[in-house]
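Participant: Would you mind keeping the following structure in view while I ask a few things?
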Amino acid sequence: MPCFGRTHLQLLWILTVFLVAGYISAGMEGFATSGNSTQQMGQNNNGSASSVDRKQNHAKVPTEVNSSLTVPVDTKAVLSCPPVPLTNAIVTTWEIMLTDKPSCIRAYGREKNETTEVNCTDERITWPYRPDQNAALQIDPVVPPHDGFYRCEVVTPDGNFYHGYHLQVLVAPEVTLFQSKNRTVVCMAVAGKPAARISWTPDGDCVPENKYWDNGTVTVQSTCHWAESNVSTVSCSVSHEAGNWSLSTELNQGAKTPENLSIICITLSIFFLVIVGSIWLLKIIGCRKCKLKKTEPIPVEEDEMQPYESYTEKSNPLYDTTDRVLKTSQVLQS
């Protein structure tokens, strides 16, 4: 019995050792497996977090924005695309919609690094930079027909982003003020865009008139009449997005202007007639003098007309003697 018991205890000890070793080994493998699973879960969580962060960063950029833009005529305008990193942009497209013209499409593809255009004929609308570095659109110079809607679309793996511009071209009008007649004054804002607004001080009996031109500009005219004689000075105020103007005039001074002008015209006409008449009279007198000089006989000396007879009378002694005898006989007879 004692021998059996000692052997039994040895076997029990060996079995316990093997069981503990197996348990420890299984525990270590489970721990390792659990650690790997935990690490993989952490990596997955980090990847998910990065994706979420990226989406959150893009979510800060509005998907679509529309704004109004006014640009003075004959200046340069640069329109920007949505603020999306170009490294994430797959395709960038500008769509230009102008009045009475087909839409113009300008696009840039990053994959092939090339640009395409459809229905784009205006050479003043260009890419000012390389589209892969800056996809802005440039208009230089801006003219009235460039009024319209410009829309930039950027396609990215996280979605599409848009920015649109309602572009309006400003043209300052040319303001003039002049008087007509019967205490009537005309104020004009010529070829402005958009149409100008005209007001008067003091108020009168006014008639507005607008004339639209093919280039999109408008001429605004206001004709006012003041019947009251106590109104002597009037002012025309023109309001426009490009600026404000104010012109004044005196009604009484304007009423005298046509009379003075008539007097000046009559005086000049009379002076002109006097000068023309004097020249004509001098020309007639001069012609008459010329004719008288031509008709006068030219005096000719007798000696030159009859040189031989004169010579004979002076040089012939016989002729002289006969002449004296005749004269003497005439005296005696008397």
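Participant: In this structure, does MET41 turn out to be open to solvent by 50 Å² or more (accessible area, probe 1.4 Å) and at pLDDT 95 or above?
Facilitator: The answer is no for MET41.
Participant: Are any residues in the stretch 177-215 assigned to a loop (DSSP other than H, G, I, E, B), open to solvent by 40 Å² or more (accessible area, probe 1.4 Å) and within 27 Å of ASP100 (Cβ to Cβ), and if so, which ones?
Facilitator: Selection gives TRP213, ASP214, ASN215.
Participant: Here's another thing I want to ask about it. Within the stretch 198-225, can you find the residues that are farther than 18 Å from SER246 by Cα and under 23 Å from the mean Cα position of the chain (by Cα)?
Facilitator: ASN210, LYS211, TYR212, TRP213, ASP214, ASN215, GLY216, THR217, VAL218
Participant: Considering only residues that are at pLDDT 75 or above and open to solvent by 100 Å² or more (accessible area, probe 1.4 Å), which ones fall in the stretch 281-305?
Facilitator: Those that are at pLDDT 75 or above and open to solvent by 100 Å² or more (accessible area, probe 1.4 Å): LEU282, LYS283.
Participant: Given the residues VAL274, VAL218, VAL234, which is the only one that is aliphatic (A, V, I, L, M), at pLDDT 80 or above, out of contact with any helix residue (DSSP H, G or I) (no Cβ under 7 Å at 6 or more places or on another chain) and open to solvent by less than 80 Å² (accessible area, probe 1.4 Å)?
Facilitator: Checking each option against the conditions leaves just VAL218.
Participant: Could you look through the stretch 239-253, keep only residues that are more than 20 Å from the chain's Cα centre (by Cα) and closer than 30 Å to VAL143 by Cβ, and pick out the one that is surrounded by the fewest Cβ atoms within 10 Å (Cβ to Cβ)?
Facilitator: SER246
Participant: From THR75, THR87, which residue is surrounded by fewer than 15 Cβ atoms within 10 Å (Cβ to Cβ) and at pLDDT below 90?
Facilitator: Going through THR75, THR87 in turn, the sole match is THR87.
Participant: While we're looking at this one, here's another question. Restricting attention to the stretch 121-139, does a residue exist that is more than 21 Å from THR87 (Cβ to Cβ), open to solvent by 70 Å² or more (accessible area, probe 1.4 Å) and either at pLDDT 95 or above or touching a Cys at 6+ places or on another chain (Cβ under 6 Å) (or both)?
Facilitator: Step one: filter the stretch 121-139 for residues more than 21 Å from THR87 (Cβ to Cβ), giving 121-126, 138-139.
Of the ones still in play, those that are also open to solvent by 70 Å² or more (accessible area, probe 1.4 Å) are 121, 123-124.
Imposing the further condition that a residue be either at pLDDT 95 or above or touching a Cys at 6+ places or on another chain (Cβ under 6 Å) (or both) reduces the set to 124.
Checked the stretch 121-139: at least one residue is more than 21 Å from THR87 (Cβ to Cβ), open to solvent by 70 Å² or more (accessible area, probe 1.4 Å) and either at pLDDT 95 or above or touching a Cys at 6+ places or on another chain (Cβ under 6 Å) (or both).
Participant: Moving to a separate point now. If we keep just the residues of the stretch 151-176 that are surrounded by fewer than 16 Cβ atoms within 10 Å (Cβ to Cβ) and modelled with pLDDT of 95 or more, which is farthest from THR249 (Cα to Cα)?
Facilitator: HIS166
Participant: Now, a different point. What are the residue pairs meeting all of these: first residue in the stretch 139-158, first residue in contact (Cβ under 8 Å) with a residue 40 or more places away in the chain, second residue assigned to a helix (DSSP H, G or I) and surrounded by 18 or more Cβ atoms within 10 Å (Cβ to Cβ), Cβ atoms under 9 Å, and 6 or more apart or on different chains?
Facilitator: So the pair list comes out as ILE139/HIS146.
The values are calculated or read from the model by the stated rules, or taken from the named source; none is laboratory data. If you're wondering where the values come from, they're calculated on a predicted model, not measured in any experiment. Virtual Cβ from ideal backbone geometry, glycine too; neighbours counted across all protein chains shown. Just so you know, the surface numbers come from the protein's heavy atoms only, side chains and all, with ligands and any DNA or RNA stripped out. Shrake-Rupley method; radii C 1.70, N 1.55, O 1.52, S 1.80 Å.
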